[in-house]
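Novice: Just passing along the structure, written as structure tokens.
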Amino acid sequence: KQWYQRRVRVNGCTSISPRCDGAFTSYFPNLKWLDLSSCTLVDDAVCCALSAGCPHLQHLDLSWCSLISNNGAVALAKGCHNIRHLLLRYCKLIGDPGIKALTQCKQLSLLSLMNCEEVTDAGIVALTKGCKELRCLSVSGCTQLTDLTLTEIGNNCPNLRTLELAKLIYLSDRGFKNLVKGCNNIEKMDLEECQSITDTSLIQISIHCPYLQSITLSNCERISDEGLRYLCSSYAGQTQLRELELDNCKLITDASIDHILQCRQLQRV
């Protein structure tokens with residue numbers, strides 16, 4: 001007997017094991033939305049089952065399923081061609097081979113690879129060239145990434161709305177200049193602990209990102225009042241910006257308070 005359930009959430013059920021794979025293959029052929037996050041026994045076998053039995057799957061959260069590897073990502077890419085939202089946060093066994101396989105998922109619009117530390121520029125470059133529908137990308141904590149990633153995102157992802165780049169210490173002003181020239185529709189950026197960027201990056205963002213609504217600059221210790229002046233006086237700063245996070249930006253002084261007052265839509269600082 002098949003069930004016509006389309007949405008299943010079992011996140012945090014740590015006793016769910018790979019033995020559940022037959023359930024997906026046999027009983028949920030119409031499944032579109034599945035949250036298995038923090039089901040720590042889930043592994044590549046479940047990915048293979050989803051690929052074989054759930055061709056209509058559109059949203060899949062496998063965050064903190066630390067047993068899933070490149071083989072699982074490859075399996076998903078082979079059978080789940082309708083996937084649009086894929087969350088793989090802290091799946092630390094996934095690297096470039098798994099990411100490159102995901103280029104088969106042409107409808108992919110949201111991908112979270114937070115703290116997938118094996119991912120390098122090569123994987124992200126392939127992803128950006130193959131997945132043209134990307135609207136939201138999180139690579140925070142993918143610590144091997146460099147300015148090449150920013151350049152290729154700028155070249156290939158003009159429709160990107162959300163970009164999370166926290167804790168990427170190799171990103172520089174040059175990379176951000178290349179990024180924002182091609183990504184003019186960004187609404188949210190997380191740059192926490194991007195410790196190499198300076199006011200130069202903030203100036204480029206101010207010029208090229210007129211729809212920016214949220215930006216996190218916490219622990220960006222080289223950002224100063226001058227960068228805030230450009231951001232807050234820009235079109236986005238005065239008409240769009242709603243969230244601005246500046247924790248531990250040690251060069252920000254009282255002078256920035258006057259700049260921030262220009263942000264008429266600001267709701268959170």
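Novice: Out of all the residues in the range 143-161, is one or more hydroxyl-bearing (Ser, Thr, Tyr) and open to solvent by less than 10 Å² (accessible area, probe 1.4 Å)?
Specialist: Our first condition is that a residue be hydroxyl-bearing (Ser, Thr, Tyr); within the range 143-161, this holds for 143, 146, 149, 151.
Okay, now just the ones that are also open to solvent by less than 10 Å² (accessible area, probe 1.4 Å), so 149.
Scanning the range 143-161, I find at least one residue that is hydroxyl-bearing (Ser, Thr, Tyr) and open to solvent by less than 10 Å² (accessible area, probe 1.4 Å), so the answer is yes.
Novice: Of the conditions (1) open to solvent by less than 10 Å² (accessible area, probe 1.4 Å); (2) within 21 Å of Asn178 (Cβ to Cβ); (3) out of contact with any Pro (no Cβ under 8 Å at 6 or more places or on another chain), Ile207 clears all except one; give me its number.
Specialist: The one condition Ile207 does not meet is (1).
Novice: Please find, within the range 224-269, the residue that is nearest to Lys188 (Cα to Cα) out of those that are surrounded by fewer than 17 Cβ atoms within 10 Å (Cβ to Cβ) and of a type in the set (Lys, Arg).
Specialist: By that ranking, first place goes to Arg242.
Novice: Take the conditions in contact with a Cys (Cβ under 7 Å, 6 or more places away or on another chain), outside any loop (DSSP other than H, G, I, E, B) and either at pLDDT 80 or above or buried (at least 17 other Cβ atoms within 10 Å of the Cβ) (or both) and apply them to Leu34. Does it pass?
Specialist: Working: in contact with a Cys (Cβ under 7 Å, 6 or more places away or on another chain): no; outside any loop (DSSP other than H, G, I, E, B): yes; either at pLDDT 80 or above or buried (at least 17 other Cβ atoms within 10 Å of the Cβ) (or both): yes.
The answer is no for Leu34.
Novice: Here are Glu193, Glu221, Glu187: which of them is acidic (Asp, Glu), open to solvent by 50 Å² or more (accessible area, probe 1.4 Å) and on the phi > 0 side of the Ramachandran plot? Working first, answer last.
Specialist: Working: Glu221 fails: on the phi > 0 side of the Ramachandran plot; Glu187 fails: on the phi > 0 side of the Ramachandran plot.
None of the others qualify; the one that does is Glu193.
Novice: To continue, here is another question. Return the pairs, sorted by first residue and then second, in which the second residue is open to solvent by 40 Å² or more (accessible area, probe 1.4 Å), the first residue lies in the range 236-265 and is among the charged types (D, E, K, R), the beta carbons are less than 6 Å apart, and the residues are 6+ apart or on different chains.
Specialist: That search, which allows pairs on different chains as well, returns Arg242/Gln213; Arg242/Gln265; Arg242/Gln267; Glu243/Arg268; Lys250/Glu221.
Novice: Oh, and also: Working only within the range 238-264, note down all residues that are over 23 Å from the mean Cα position of the chain (by Cα) and outside any loop (DSSP other than H, G, I, E, B). Talk me through it step by step, then tell me what you get.
Specialist: Let us first name the residues in the range 238-264 that are over 23 Å from the mean Cα position of the chain (by Cα), namely 238-239, 248-264.
Residues satisfying the conditions are Gln238, Thr239, Leu251, Ala255, Ser256, Ile257, Asp258, His259, Ile260.
Novice: For the range 41-95, name all the residues that are open to solvent by 40 Å² or more (accessible area, probe 1.4 Å) and out of contact with any helix residue (DSSP H, G or I) (no Cβ under 8 Å at 6 or more places or on another chain).
Specialist: Hits for the range 41-95 are His56, Gln58, Trp64, Ser66, Asn82, Arg84, His85, Arg89, Tyr90, Lys92.
Novice: Here is a further query. Name the pairs whose Cβ atoms lie under 8 Å apart, with the first residue in the range 104-133 and at positive phi, the second modelled with pLDDT of 95 or more, and 6 or more positions between them or separate chains?
Specialist: From the range 104-133, the pairs are Asn115/Arg89; Asn115/Tyr90; Asn115/Lys92; Asn115/Ser140; Asn115/Gly141; Asn115/Cys142.
Novice: Out of Leu76, Leu108, I need the residue that is modelled with pLDDT of 95 or more, part of a helix (DSSP H, G or I) and touching a strand residue (DSSP E or B) at 6+ places or on another chain (Cβ under 8 Å). Which one? Lay out the reasoning, then the answer.
Specialist: Working: Leu108 fails: part of a helix (DSSP H, G or I).
Step by step, each of Leu76, Leu108 is checked, and only Leu76 is modelled with pLDDT of 95 or more, part of a helix (DSSP H, G or I) and touching a strand residue (DSSP E or B) at 6+ places or on another chain (Cβ under 8 Å).
Novice: Using the structure shown, decide if Cys136 is open to solvent by 10 Å² or more (accessible area, probe 1.4 Å) and out of contact with any His (no Cβ under 7 Å at 6 or more places or on another chain). Even if it seems obvious, please write down each step before you answer.
Specialist: Numbers: open to solvent by 10 Å² or more (accessible area, probe 1.4 Å): yes; out of contact with any His (no Cβ under 7 Å at 6 or more places or on another chain): yes.
In short, yes.
The values are calculated or read from the model by the stated rules, or taken from the named source; none is laboratory data. Just so it is clear, the structure is predicted and the values come from calculations on it, not from any experiment. All Cβ positions, even for glycine, are placed from backbone atoms using ideal geometry, and neighbour counts span all protein chains on display. The area values use the complete protein model at the heavy-atom level, side chains included, leaving out ligands, DNA and RNA. Shrake-Rupley method; radii C 1.70, N 1.55, O 1.52, S 1.80 Å.
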